[in-house]
Amino acid sequence: MPRFKQIAEIQQFMSQKEQIRNLGIVAHIDHGKTTLADALLAGVGLLSPQMAGTARVLDYLEDEQRRKITIKTANISLLYKAQGNPYIINLVDTPGHVDFTGKVTRALRAIDGVVVVVDAVEEIMAQTEIVTRQALAERVRPVLFINKVDRLITELQLGEAQIEEKLNRIIGGFNDLIELYGEKPFSAQWKVDPAEGSVAFGSALHGWGFTLETAKRKGTKFGDIINAYKKGASQRLGREMPVYDAVFDMAVRNLPNPKQAQSYRVDRIWSGLRQSEVGESIADCNDDKLAVMCVTHVQPDVEGGSVVTSRLFSGTIKEGDLLHCVNALRETVVNKVYVYMGALKEAVGQVSAGNIAVLAVSEILRAGETLVDAEHKAGVVPFEGINYVSEPVVTVAVEPKNPKDIFDLLKSLHKLVTEDPNLAVTVDKETGEYLLSVMGELHLEVALSQLKGISGGLEVTVSAPRIVYRESATKKGAVASASSSNRQNRFTVQVEPDEEAQASQLQVEEAGSVLSIDEHRNVLVNRNVEKEEGLQEVLEAVIGGFEFACGAGPLCAEPMRHVKVNLLDFELSKTQEQRSSTEVMHAVGKAIFGAFLTAKPVLQEPIYKTVITAPTDLAGECSRILETRRGKISAFEQKGLLTVITGYIPVSETFGLSKELRSATSGRAFWQNMLDKWQQVPQKLAPKVIAQVRRRKGLAVDVPDAGRFLEEA
């Protein structure tokens with residue numbers, strides 16, 4: 001029997017697409033996103049109104065409760081009635097901290113609309129811009145909830161005209177983001193407007209909120225809200241204008257149902273042909289056509305296999321179904337079908353198109369997998385890969401204290417990476433260390449805590465944090481040639497920087513053909529088109545040599561970035577045995593290394609954009625701390641009693657920054673760091689940094705000379 005009485009009704013309306021809203025809540029950290037989620041749960045009877053704002057129901061992990069931040073995405077299916085009509089609200093609460101934006105990106109694939117929460121005092125902040133940009137990139141329609149309006153009255157003590165000016169500034173700034181990051185025609189259609197009900201105002205903590213329409217319907221003016229706070233009667237506002245009514249009403253009226261959304265989202269999120277059977281099925285959101293599902297989140301199942309959170313874009317899936325994994329090229333059985341209710345799962349037997357569901361399946365899957373009916377797998381292409389806004393730039397080496405536990409550690413690391421899209425585990429080829437790469441200091445703390453839980457308390461040794469660097473060229477290098485070890489194969493290349501060229505333009509604009517583009521935007525171009533046919537015989541090995549060389553450059557075995565390798569000429573042995581893959585890869589790698597070292601190579605370091613919000617009297621101290629760590633201030637902005645400092649700081653200088661800022665401001669400053677760019681390490685520091693990295697990796701301290709790899713061209 002269901003623990004939640006709404007489950008039976010939710011099952012009843014699952015097939016009525018017009019009554020479904022797949023809705024996310026996104027925000028800058030501490031703008032009240034999870035407090036709003038509590039208020040929405042209270043509004044549909046799943047939480048006591050007295051507990052809303054403090055229960056943090058969807059923050060059910062121990063780390064989340066302790067740190068008072070959202071770390072993972074949490075799903076819950078709600079039944080809401082508006083004007084007598086029932087609506088299924090599949091609600092997703094997402095992290096606000098920038099270290100966990102990968103989970104936000106994944107969640108956006110499953111939803112069609114977002115409520116962007118903005119603090120009325122702090123206004124549009126760095127993470128507000130990031131999550132809005134992410135939503136628009138996935139063609140997810142945004143609406144705006146301006147939260148903490150009470151602070152404008154009680155803390156800033158603004159008058160009605162000043163409050164109106166501030167709120168209008170927030171709305172204008174939000175529409176600027178939509179104009180900047182939205183596609184045409186969506187950028188024009190999706191701009192928010194209070195008169196159209198796509199903006200709500202309120203206080204999630206105090207439980208009240210309104211749109212202009214609901215305020216008009218209830219005969220409430222903003223002066224009434226100011227008077228209620230002045231008279232200490234703010235609790236009455238929650239009874240008269242509950243925030244859940246304002247937000248749900250805004251979502252139901254302005255955000256699309258899945259059938260509407262899939263008709264225009266399919267071209268962005270799915271890489272197949274719209275006119276194909278699968279494309280039409282996704283666009284139609286039809287229960288009776290083939291099942292097509294996109295996996296957005298994966299957890300290991302205690303009974304074996306995986307528990308996957310997925311958006312079903314077409315068809316119906318039920319227990320016992322056999323599905324084909326398009327990426328993994330294997331079949332999996334659906335053992336159970338659930339919907340999430342926060343930390344709990346409720347079995348529903350089957351789920352139909354347009355809904356977010358949870359499947360317990362028999363295979364180990366990865367997020368981003370595309371599942372289809374096994375009977376209709378022929379010719380089905382997967383959903384587009386998810387583009388994350390950042391990448392891991394901090395690394396630690398982990399090893400078990402007891403060497404016999406190495407396999408348990410590897411198993412636990414694999415589970416950790418499966419669940420978290422912004423973690424990476426690699427093996428250092430030089431030292432044999434297992435490296436765990438994360439987004440930042442907080443992400444590292446959380447990842448190590450989760451690793452301990454997943455492994456059952458396995459004792460591990462963790463190195464001091466290390467920074468990920470990149471190697472790049474700054475000028476066109478010399479024409480360079482290198483031979484394979486058997487001297488029977490010879491390749492001639494030239495390396496140059498490739499900061500501006502777009503991969504899609506290379507084939508059109510340049511004399512040559514693109515052979516490969518790797519994950520760090522390094523490009524291999526064949527300039528000798530006359531020999532293109534002969535190259536096909538060893539193409540796989542040539543690309544392998546290119547990827548190997550670019551994966552660990554000659555400066556200090558860090559990946560190359562934005563480097564173009566021009567293949568000018570090659571000579572191959574006439575016997576197949578002497579032009580083996582190993583020999584060809586060896587020659588190509590040597591040629592690229594030598595050519596790269598003549599292209600004025602530099603080491604690049606990751607740079608965070610940092611946004612610090614602090615009381616105005618503490619802004620100077622925050623700036624001083626930033627500047628002592630090689631940071632640069634780019635902007636100061638006054639927002640009420642607070643000053644927002646925007647600056648840039650090398651990631652290598654951020655360890656201990658949190659502790660220093662907390663100490664200097666007595667915990668009154670808030671900050672976010674997000675990866676912004678890669679920048680050349682200052683010339684004075686570069687030799688020292690390169691030597692340190694080489695020493696740590698067990699390499700000779702001195703960078704090799706280009707002549708070590710080359711022969712006369």
Pairs under 9 Å by beta carbon, first residue farther than 14 Å from Phe210 by Cβ in segment 227-247, partner exposed (fewer than 14 other Cβ atoms within 10 Å of the Cβ) and not polar (S, T, N, Q), six or more apart or different chains? Asn227/Ala233
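If you check Leu436, Leu423, which single one turns out to be touching a residue at least 40 places away in the same chain (Cβ under 8 Å) and surrounded by 16 or more Cβ atoms within 10 Å (Cβ to Cβ)?
Just a single option satisfies the conditions, and that option is Leu436.
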For segment 245-304, name all the residues that are out of contact with any Ser or Thr (no Cβ under 7 Å at 6 or more places or on another chain) and closer than 20 Å to Ile25 by Cβ. Val247, Phe248, Ala251, Val252, Arg253, Leu255, Pro256, Asn257, Pro258, Ala261, Arg265
Taking the condition under 29 Å from Val115 (Cβ atoms), under 23 Å from the mean Cα position of the chain (by Cα) and in a helix (DSSP H, G or I), does Arg265 pass? yes
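Counting only residues that are part of a helix (DSSP H, G or I) and among the polar types (S, T, N, Q), which one in segment 427-458 is farthest from the chain's Cα centre (by Cα)?
If we take residues in segment 427-458 being part of a helix (DSSP H, G or I) and among the polar types (S, T, N, Q), then Ser449 is farthest from the chain's Cα centre (by Cα).
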Where in segment 581-666 are there helices (runs of 4 or more DSSP H), lying wholly inside it, with at least 1 residues that are farther than 30 Å from Glu155 by Cβ and hydrophobic (A, V, I, L, M, F, W, C)? 581-597
Every pair of residues 6+ apart whose Cβ atoms lie under 7 Å, when the first sits in segment 121-133 and is assigned by TED's automatic domain parsing to the domain that holds Arg169 and buried (at least 21 other Cβ atoms within 10 Å of the Cβ) while the second is aromatic (Phe, Trp, Tyr) and assigned to a loop (DSSP other than H, G, I, E, B): none
Filtering segment 208-246 down to residues that are closer than 22 Å to Ala37 by Cα and of a type in the set (Lys, Arg), which residue is surrounded by the most Cβ atoms within 10 Å (Cβ to Cβ)? Arg236
Buried (at least 22 other Cβ atoms within 10 Å of the Cβ), at pLDDT below 90 and either in contact with a strand residue (DSSP E or B) (Cβ under 9 Å, 6 or more places away or on another chain) or in a loop (DSSP other than H, G, I, E, B) (or both): which single residue out of Val298, Val307, Val302 fits that description? Val298
Which residues, taken from segment 455-485, are crowded, with 19+ Cβ neighbours inside 10 Å and modelled with pLDDT under 85? Ser455
Only residues that are modelled with pLDDT of 80 or more and over 30 Å from Met125 (Cα atoms): list them for segment 8-27, please. Met14, Ser15, Gln16, Lys17, Glu18, Gln19, Ile20
The condition from (1) closer than 30 Å to Glu183 by Cα; (2) of a type in the set (Asp, Glu); (3) assigned by TED's automatic domain parsing to the domain that holds Ala200 that Glu280 misses is numbered (3)
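Residues in segment 524-542 that are aliphatic (A, V, I, L, M), in contact (Cβ under 8 Å) with a residue 40 or more places away in the chain and part of a helix (DSSP H, G or I): how many? Break it down stepwise before answering.
Going through segment 524-542, the residues aliphatic (A, V, I, L, M) turn out to be 524-525, 529, 535, 538-539, 541-542.
Next cut, in contact (Cβ under 8 Å) with a residue 40 or more places away in the chain only: 524-525, 538, 541-542.
So of that shortlist, the ones also part of a helix (DSSP H, G or I) come out as 538, 541-542.
The number of residues fulfilling the criteria is 3.
The rows are residues; the columns are (1) out of contact with any Phe, Trp or Tyr (no Cβ under 8 Å at 6 or more places or on another chain); (2) surrounded by fewer than 19 Cβ atoms within 10 Å (Cβ to Cβ).
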{"position": "Ser634", "(1), (2)": "no, yes"}
{"position": "Glu637", "(1), (2)": "yes, yes"}
{"position": "Leu641", "(1), (2)": "yes, yes"}
{"position": "Val644", "(1), (2)": "no, no"}
{"position": "Tyr648", "(1), (2)": "no, yes"}
{"position": "Ala664", "(1), (2)": "yes, yes"}
{"position": "Ala669", "(1), (2)": "yes, no"}
{"position": "Met674", "(1), (2)": "no, no"}
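Which one of Asn522, Asn566, Asn526 is more than 26 Å from Lys677 (Cβ to Cβ), buried (at least 17 other Cβ atoms within 10 Å of the Cβ) and either modelled with pLDDT of 95 or more or of a type in the set (S, T, N, Q) (or both)?
Testing whether each residue is more than 26 Å from Lys677 (Cβ to Cβ), buried (at least 17 other Cβ atoms within 10 Å of the Cβ) and either modelled with pLDDT of 95 or more or of a type in the set (S, T, N, Q) (or both) leaves just Asn526.
Inside segment 268-288, can you point out the residues that are assigned to a helix (DSSP H, G or I) and among the hydrophobic types (A, V, I, L, M, F, W, C)?
Ile269, Val278, Ile282, Ala283
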Looking at the structure I just gave you, is Leu180 modelled with pLDDT of 90 or more, surrounded by 12 or more Cβ atoms within 10 Å (Cβ to Cβ) and either in contact with a Pro (Cβ under 8 Å, 6 or more places away or on another chain) or assigned by TED's automatic domain parsing to the domain that holds Phe222 (or both)? yes
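Is at least one residue of segment 565-572 in contact (Cβ under 8 Å) with a residue 24 or more places away in the chain, outside any strand (DSSP E or B) and touching an Asp or Glu at 6+ places or on another chain (Cβ under 9 Å)?
Yes, that holds for at least one residue.
Considering only segment 42-59, I want to know if a residue exists there that is at pLDDT 85 or above and in a loop (DSSP other than H, G, I, E, B). Give the steps one after another, and end with the answer.
Step one: of segment 42-59, the residues at pLDDT 85 or above are none.
No: zero hits.
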So, in segment 91-118, exactly how many residues are modelled with pLDDT of 90 or more and surrounded by 24 or more Cβ atoms within 10 Å (Cβ to Cβ)? 7
Residue pairs within 6 Å by beta carbon, gap of at least six or interchain, first lying in segment 154-174 and in contact (Cβ under 8 Å) with a residue 12 or more places away in the chain, second surrounded by 13 or more Cβ atoms within 10 Å (Cβ to Cβ) and part of a loop (DSSP other than H, G, I, E, B), listed first then second, are Leu156/Gly640; Ile170/Glu123; Gly173/Ile124
Filtering segment 439-449 down to residues that are in contact (Cβ under 8 Å) with a residue 12 or more places away in the chain and surrounded by fewer than 21 Cβ atoms within 10 Å (Cβ to Cβ), which residue is nearest to Thr94 (Cα to Cα)? Leu442
Thr461 versus (1) outside any helix (DSSP H, G or I); (2) hydroxyl-bearing (Ser, Thr, Tyr); (3) in contact with a Ser or Thr (Cβ under 9 Å, 6 or more places away or on another chain): which is the lone unmet condition? (3)
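What tally of residues in segment 673-705 results from selecting those that are within 22 Å of Pro392 (Cβ to Cβ) and without any contact (Cβ under 8 Å) to a residue 12 or more places away in the chain?
So the count comes out to 1.
The values are calculated or read from the model by the stated rules, or taken from the named source; none is laboratory data. No experiment lies behind these values; they were computed from the predicted model shown. Note that we place each Cβ from the backbone using ideal geometry, even for glycine, and neighbour counts take in every protein chain shown.
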